[in-house]
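Visitor: Right, I'll just put the structure down here and ask away after.
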Amino acid sequence: MKRETTKRLTDPQPRVKFHPLGSAGDVTGSLFLFEVTLETAKTIRFLLEVGLHQDDDNINHSHRLPKGIKMSDIAFIVMSHAHIDHSGYLPKAIADGFNGPVYTHEASKDLLRFLLPDSGNLQERAAERLNERNGHKRGAHTARGAKLPPRVTALYSAAEARRALDRIKGLQYDRLYKLAEGVSVKFTEASHILGAAVVTLTLGLGKNAKTVCFTGNVGRSGMPFLKDLAQVLEADYIISESTYGNKLHGKRDRLAALAAIINDAHKRAKRRDPKFGCGSIVIPAFAVGRVQTVLYDLRELMATKRIPDLTVFLDSPMAVEATKVHRKHTGLYNDAACKLIAAGIEPFKTPRYMECKSWGQSRLLDKPANEPVIIIGSSGMAAGGRILGHIEKRLDRAENTIVFVGYQGTGALGYTLVNEKPSQVTIHDKVVKVNAKIEYMSDYSGHADYSEIIDWLKKFTRKPKKLFLVHGDPDALTAFKGHLQESLPDWNVVIPQSRNCFEL
Ligand SMILES: [Zn+2]
């Protein structure tokens with residue numbers, strides 16, 4: 001004890017403890033705690049990411065901080081981007097006593113205005129469903145003498161999520177912000193979704209400061225409208241995502257592939273059935289990022305006459321909100337998208353484009369169509385939302401095409417249709433035959449693969465003291481470590497597990 005105190009007094013370095021608490025050995029629920037102790041000041045504790053665990057709700061209901069540390073001990077939170085597995089634990093952290101500000105990019109702040117309340121709605125509905133299953137529904141039959149399990153409450157409500165928005169402060173890319181004595185942050189472009197940042201922390205003061213570069217989630221280069229991932233040149237420690245640690249993306253021409261699928265689908269959709277009308281091309285896509293990317297590509301293909309000018313319906317209130325935020329942040333666009341804006345062209349608007357805001361507008365799409373149409377909506381895995389209704393009504397007819405454009409998690413309808421090629425599926429408790437053509441494009445992935453991340457890491461001008469691999473399934477983490485050992489053999493690569501603690 002005494003020796004350690006003496007060392008601290010004579011050591012000019014700040015003491016930094018890093019606790020990977022979520023997305024450590026796992027791909028969801030990002031949560032990292034830092035404890036920074038300067039020579040003269042008390043310890044500052046802050047969180048990097050405040051993500052909801054999307055596979056195991058017990059984790060969200062548990063005390064996620066190390067023993068002895070309370071949410072009220074956390075001074076502030078830094079958030080890399082708006083996806084719920086990086087942001088969606090915030091209302092719960094506030095309910096548990098967190099009382100500080102949250103720093104994220106200005107565009108992420110705008111996206112969270114609807115993403116967090118939506119997450120609150122989902123939490124409330126999940127709790128309601130569980131209570132109904134447990135017999136709590138009003139008027140439900142309860143056997144005499146049967147004891148009901150206690151009512152569960154939602155992790156947080158939509159109202160709590162809305163209140164959490166007041167805590168969020170919007171930052172810009174490429175500026176250094178001092179968040180506290182001895183803690184500064186700089187965001188740089190991550191090219192994952194609008195506003196997503198690679199986060200570089202400077203911990204400590206002057207030349208004794210330690211730098212930590214966290215990739216957040218990094219996207220692929222050459223994607224529509226977003227700028228490419230910005231290069232970071234040095235850091236003492238790097239924390240890298242590993243989602244595609246064991247996968248390489250195909251390198252085909254994305255626009256040509258989409259054009260071929262749409263033209264083929266259009267040929268079949270033109271056949272008009274007396275009862276059902278013409279066919280449709282249904283594209284389930286994630287509301288934030290994927291929808292806008294697909295709209296951008298469709299506009300481009302129509303403008304260059306590579307596909308016909310079909311009417312495009314965007315039928316998802318969340319995707320409509322997300323598109324609004326994308327239209328606002330033109331300063332984040334790449335050169336190609338900026339040129340469109342300068343020429344007065346709206347990047348996410350095809351010539352015949354409609355947004356369905358009400359249920360009534362959405363239901364009109366059920367009427368037999370006189371010509372083929374494209375319907376885009378979320379969820380991207382066809383797990384719910386209006387798009388699921390459109391798929392249910394169209395899946396049994398061969399003139400229709402369903403194009404999946406994003407990651408499909410095991411168990412989701414999208415995964416089943418793409419990977420298992422079933423002859424029938426069950427949707428809303430109804431058995432539906434699968435006669436529509438099912439297409440899948442992995443080209444729209446929002447994550448760089450391992451070779452793309454390794455190329456980025458190779459451009460660091462000096463070797464970090466440690467490279468931590470997080471945000472990956474166990475197989476992806478292990479494979480990524482292997483690839484790194486081949487490409488950067490003298491780097492110290494660590495796969496932390498939740499509850500490990502590292503002194504940096
Ligand atoms: Zn993400």
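Visitor: Looking for something crowded, with 24+ Cβ neighbours inside 10 Å, assigned by TED's automatic domain parsing to the domain that holds Ser108, of a type in the set (A, V, I, L, M) and away from the ligand (no atom under 16 Å from the Cβ) - is there at least one such residue anywhere in region 223-233?
Guide: no
Visitor: Take Val199 and decide whether it is within 16 Å of the ligand (Cβ to nearest atom) and crowded, with 22+ Cβ neighbours inside 10 Å.
Guide: On the way: within 16 Å of the ligand (Cβ to nearest atom): yes; crowded, with 22+ Cβ neighbours inside 10 Å: yes.
Yes.
Visitor: Just to be sure before I move on: is Gly97 over 25 Å from Thr215 (Cα atoms) and modelled with pLDDT of 95 or more in the structure I sent? Outline the logic, then answer.
Guide: Numbers: over 25 Å from Thr215 (Cα atoms): yes; modelled with pLDDT of 95 or more: yes.
Here the answer is yes, as Gly97 does meet what is asked.
Visitor: Can you pull out the residues in region 436-462 that are within 16 Å of the ligand (Cβ to nearest atom) and among the acidic types (Asp, Glu)?
Guide: Taking region 436-462 and keeping what is within 16 Å of the ligand (Cβ to nearest atom), we get 444-449, 452-453.
Scanning region 436-462 gives Asp449, Glu452.
Visitor: Moving on to the next point. Among the residues of region 180-193, write down those that are within 14 Å of the chain's Cα centre (by Cα) and more than 11 Å from the ligand (Cβ to nearest atom). Explain how you work it out, then say what you get.
Guide: The first filter runs over region 180-193 and keeps only residues within 14 Å of the chain's Cα centre (by Cα), leaving 190-193.
Residue satisfying the conditions is Ser191 alone.
A quick yes/no check of all residues on (1) in a helix (DSSP H, G or I); (2) in contact with a Gly (Cβ under 6 Å, 6 or more places away or on another chain); (3) closer than 19 Å to Thr200 by Cβ:
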{"position": "Pro464", "(1), (2), (3)": "no, no, yes"}
{"position": "Ala476", "(1), (2), (3)": "yes, yes, no"}
{"position": "Glu486", "(1), (2), (3)": "yes, no, no"}
{"position": "Asp490", "(1), (2), (3)": "no, no, no"}
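Residue by residue, here is whether (1) assigned by TED's automatic domain parsing to the domain that holds Thr401; (2) small (Gly, Ala, Ser); (3) closer than 15 Å to Glu321 by Cβ holds:
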{"site": "Ala342", "(1), (2), (3)": "yes, yes, no"}
{"site": "Tyr353", "(1), (2), (3)": "yes, no, no"}
{"site": "Cys356", "(1), (2), (3)": "yes, no, yes"}
{"site": "Ser362", "(1), (2), (3)": "yes, yes, no"}
{"site": "Lys367", "(1), (2), (3)": "yes, no, no"}
{"site": "Glu371", "(1), (2), (3)": "yes, no, no"}
{"site": "Ile376", "(1), (2), (3)": "yes, no, yes"}
{"site": "Ser379", "(1), (2), (3)": "yes, yes, yes"}
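Residue by residue, here is whether (1) farther than 30 Å from Met302 by Cα; (2) touching a strand residue (DSSP E or B) at 6+ places or on another chain (Cβ under 8 Å); (3) among the hydroxyl-bearing types (Ser, Thr, Tyr) holds:
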residue: Pro372; (1), (2), (3): no, yes, no
residue: Ile375; (1), (2), (3): no, yes, no
residue: Lys393; (1), (2), (3): no, no, no
residue: Asn400; (1), (2), (3): no, yes, no
residue: Glu420; (1), (2), (3): yes, no, no
residue: Lys430; (1), (2), (3): yes, no, no
residue: Asn435; (1), (2), (3): no, no, no
residue: His447; (1), (2), (3): no, yes, no
residue: Ile453; (1), (2), (3): yes, yes, no
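Visitor: Can you tell me which residues in region 72-84 are surrounded by fewer than 24 Cβ atoms within 10 Å (Cβ to Cβ) and either under 17 Å from Thr28 (Cβ atoms) or touching a Cys at 6+ places or on another chain (Cβ under 8 Å) (or both)?
Guide: Ile84
Visitor: Still on this structure, I have one more. Consider Arg306 carefully, then state whether it is part of a loop (DSSP other than H, G, I, E, B), surrounded by fewer than 21 Cβ atoms within 10 Å (Cβ to Cβ) and of a type in the set (Lys, Arg).
Guide: The answer is yes for Arg306.
Visitor: Let me ask something additional. With region 412-461 as the region, which strands (runs of 3 or more DSSP E) entirely inside it contain at least 1 residues that are buried (at least 20 other Cβ atoms within 10 Å of the Cβ)?
Guide: Working: elements: 424-427, 430-433, 437-440.
It comes to 437-440.
Visitor: Kindly establish whether Thr215 is free of Cβ contacts under 8 Å to residues at least 60 places away in the same chain and either closer than 26 Å to Gly25 by Cα or not assigned by TED's automatic domain parsing to the domain that holds Ser184 (or both).
Guide: Values: free of Cβ contacts under 8 Å to residues at least 60 places away in the same chain: no; either closer than 26 Å to Gly25 by Cα or not assigned by TED's automatic domain parsing to the domain that holds Ser184 (or both): yes.
In short, no.
Visitor: If you check every pair at least six apart or on different chains, which have Cβ atoms under 7 Å apart with a residue in region 72-84 that is of a type outside the set (Ser, Thr, Tyr) first and a residue that is within 15 Å of the ligand (Cβ to nearest atom) and assigned to a strand (DSSP E or B) second?
Guide: Ile77/Val50; Val78/Leu48; Val78/Val199; Met79/Glu49; Met79/Val50; Met79/Thr104; His81/Ala197
Visitor: Go through region 346-392 residue by residue and tally those that are crowded, with 19+ Cβ neighbours inside 10 Å, in a loop (DSSP other than H, G, I, E, B) and either modelled with pLDDT under 95 or under 24 Å from the mean Cα position of the chain (by Cα) (or both).
Guide: Matching residues across region 346-392 total 10.
Visitor: Among the listed residues Lys270, Lys210, which satisfies the condition of being away from the ligand (no atom under 16 Å from the Cβ), surrounded by fewer than 23 Cβ atoms within 10 Å (Cβ to Cβ) and closer than 30 Å to Leu33 by Cα? Walk me through it before giving the result.
Guide: Details: Lys270 fails: closer than 30 Å to Leu33 by Cα.
Within the list Lys270, Lys210, the selection yields Lys210.
Visitor: Going through region 85-97 one residue at a time, which ones are in contact (Cβ under 8 Å) with a residue 40 or more places away in the chain and either away from the ligand (no atom under 11 Å from the Cβ) or surrounded by fewer than 24 Cβ atoms within 10 Å (Cβ to Cβ) (or both)?
Guide: Taking region 85-97 as the starting set, the residues that turn out to be in contact (Cβ under 8 Å) with a residue 40 or more places away in the chain are 85-86, 89-95.
Across region 85-97, the qualifying residues are Asp85, Tyr89, Leu90, Pro91, Lys92, Ala93, Ile94, Ala95.
Conditions tested, residue by residue: (1) in contact with a strand residue (DSSP E or B) (Cβ under 8 Å, 6 or more places away or on another chain); (2) buried (at least 24 other Cβ atoms within 10 Å of the Cβ); (3) of a type in the set (A, V, I, L, M, F, W, C); (4) assigned by TED's automatic domain parsing to the domain that holds Ala164.
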residue	(1), (2), (3), (4)
His63	no, no, no, yes
Lys70	no, no, no, yes
His105	yes, yes, no, yes
Leu112	yes, yes, yes, yes
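The values are calculated or read from the model by the stated rules, or taken from the named source; none is laboratory data. Fair warning: this is a prediction, and the values are worked out from it, not measured in the lab. Positions of Cβ are generated from backbone atoms using ideal geometry, with glycine treated the same way; all protein chains shown enter the neighbour counts.
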